[in-house]
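Worksheet: the structure to be examined is printed underneath.
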Amino acid sequence: MDNGLMIETKDLTKNFGDFTAVDGIALAVQKGTIHGFVGPNGAGKTTTMKMLIGALRCTRGEGYIKGYEIGSTPARQLIGYSPEQTFFYKDMIASDYIAYMARICGVKREDARKKALELLDWLDLGNFSESKVGGFSAGMKQRLSLGQALIHEPELLILDEPTANMDPTGRLSILDKLRQLAQEKEVTIFLSSHILSELEQIVDFMTMIDKGQIVVEGNMAELRKRFSGNHFLLKTSHNDAVMKAMKAKGLFREGWIDNEDFIHLISDEATSLRREMVAAVARIGAELEHFSEERATLQDIYRKTMGMEEE
Ligand SMILES: Nc1ncnc2c1ncn2[C@@H]1O[C@H](COP(=O)(O)OP(=O)(O)OP(=O)(O)O)[C@@H](O)[C@H]1O
Ligand SMILES: [Mg+2]
């Protein structure tokens, strides 16, 4: 039965001797989404990914790629993987390497080279297709690794820190390409990264792990809302009067006016606060210049979850 999931695991666990690196995780990655996998160093991200691609056997639990058991041939064929540490033979020519990977994946000899060149072009490595990989910068190697992962047109991309070692321009270009793959080719992307501000720009869903266990997961829109703590922003022509009226109602937990004349109100109960804000503005006859609800960033969510809240 199709449950709409590209990746599903139950109680997935990996022990290295007495040490539990991944501790009973239940992952659910919906088809066609970009799903971020975040957590501190040593949290178990790479180990989880290696189990998903079938490179590491799990100690306990189970996992499926589009319904196929992890490690099985049909499951592996669905996946393109770019590892955390790339390794290339330094004397290999970029296009030969990608064409070679294409051949391994069953692409016909006459098509392999053409496909390799197209892919290198798309990755902005077209000018280096006949260069030796040994001379590539870290960022170029990472792009080459993405090329290798994409050569058989996988339905699922598992990328372990695909933008590490890259400069900001290179990173943005990779993120752009990932977005393009998701939108135009409906590729499901499961990626880990420590660069939360960038990850935030492309992920629809997020799973956060710590010490081998899932600590937060969900849809980004829902998580942003959940972690925002009902923080409202408004600006009116009569800020002081509005603030006074709101204070009199005692509907907010914290409130202040910032130096750009925005009123900030934080409440435990959003519905009545929202209703009263509208009523107060109307009663006073103030002009409403701005109203919005603050959304937590991925970084805010990370900090709150990992217990790194300031104060
Ligand atoms: N082959 C192994 N043998 C023993 N311990 C291992 C092995 N591989 C990983 N570990 C341990 O398992 C834990 C999880 O490692 P993992 O590489 O999965 O973390 P990670 O979340 O990918 O971290 P990072 O963000 O640094 O890449 C770490 O404590 C690591 O030392
Ligand atoms: Mg890792």
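The values are calculated or read from the model by the stated rules, or taken from the named source; none is laboratory data. Treat the numbers as computed from the prediction; the structure is a model and nothing was measured. Note: ideal-geometry Cβ built from the backbone for every residue, glycine included; neighbour counts use all protein chains shown.
Assorted remarks:
- Given (1) within 16 Å of ligand 2 (Cβ to nearest atom); (2) touching a Leu at 6+ places or on another chain (Cβ under 7 Å), number of the condition S95 does not satisfy: (1)
A quick yes/no check of all residues on (1) within 16 Å of ligand 2 (Cβ to nearest atom); (2) over 29 Å from E217 (Cβ atoms); (3) buried (at least 20 other Cβ atoms within 10 Å of the Cβ):
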residue	(1), (2), (3)
G134	no, yes, no
S137	no, yes, no
R143	no, yes, yes
I151	no, yes, yes
D167	no, yes, no
L172	no, no, no
R179	no, no, no
F190	yes, no, yes
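- Test: residue in the range 157-179 that is within 15 Å of the chain's Cα centre (by Cα) and free of Cβ contacts under 8 Å to residues at least 24 places away in the same chain: yes
- Meets criteria (within 16 Å of ligand 2 (Cβ to nearest atom) and either surrounded by fewer than 16 Cβ atoms within 10 Å (Cβ to Cβ) or over 30 Å from T86 (Cβ atoms) (or both)) for N230: no
- The set of residues from the range 240-253 being surrounded by fewer than 18 Cβ atoms within 10 Å (Cβ to Cβ) and assigned to a loop (DSSP other than H, G, I, E, B) comprises G250, R253.
- Exactly one residue out of T86, T46, T20 is touching a residue at least 12 places away in the same chain (Cβ under 8 Å), touching a Lys or Arg at 6+ places or on another chain (Cβ under 7 Å), surrounded by 16 or more Cβ atoms within 10 Å (Cβ to Cβ) and among the β-branched types (V, I, T): that is T86.
- Residues in the range 39-59 that are over 15 Å from I209 (Cα atoms) and not in a helix (DSSP H, G or I): G54, A55, L56, R57, C58, T59.
- Residue pairs whose Cβ atoms lie under 6 Å apart, sitting 6 or more positions apart in sequence or on different chains, and linking a residue in the range 265-278 that is part of a helix (DSSP H, G or I) to a partner that is surrounded by fewer than 18 Cβ atoms within 10 Å (Cβ to Cβ) and not acidic (D, E), are E276/K249.
- Residue match in the range 20-36 (condition: under 21 Å from T305 (Cβ atoms), within 16 Å of ligand 1 (Cβ to nearest atom), of a type in the set (A, V, I, L, M) and touching a Cys at 6+ places or on another chain (Cβ under 7 Å)): no
- Restricting attention to the range 89-104, the residues being in contact with an Asp or Glu (Cβ under 9 Å, 6 or more places away or on another chain) and touching a residue at least 40 places away in the same chain (Cβ under 8 Å) number 3.
- Selection over the range 138-169 of residues that are of a type in the set (S, T, N, Q), assigned to a loop (DSSP other than H, G, I, E, B) and at pLDDT below 90 gives a count of 1.
- Residues located in the range 200-239, provided they are part of a loop (DSSP other than H, G, I, E, B) and of a type outside the set (S, T, Y): E200, Q201, I202, V203, D204, K211, G212, G229, N230, H238
- Residues of the range 267-303 that turn out to be in contact with a Phe, Trp or Tyr (Cβ under 6 Å, 6 or more places away or on another chain) and surrounded by fewer than 17 Cβ atoms within 10 Å (Cβ to Cβ), as a count: 1
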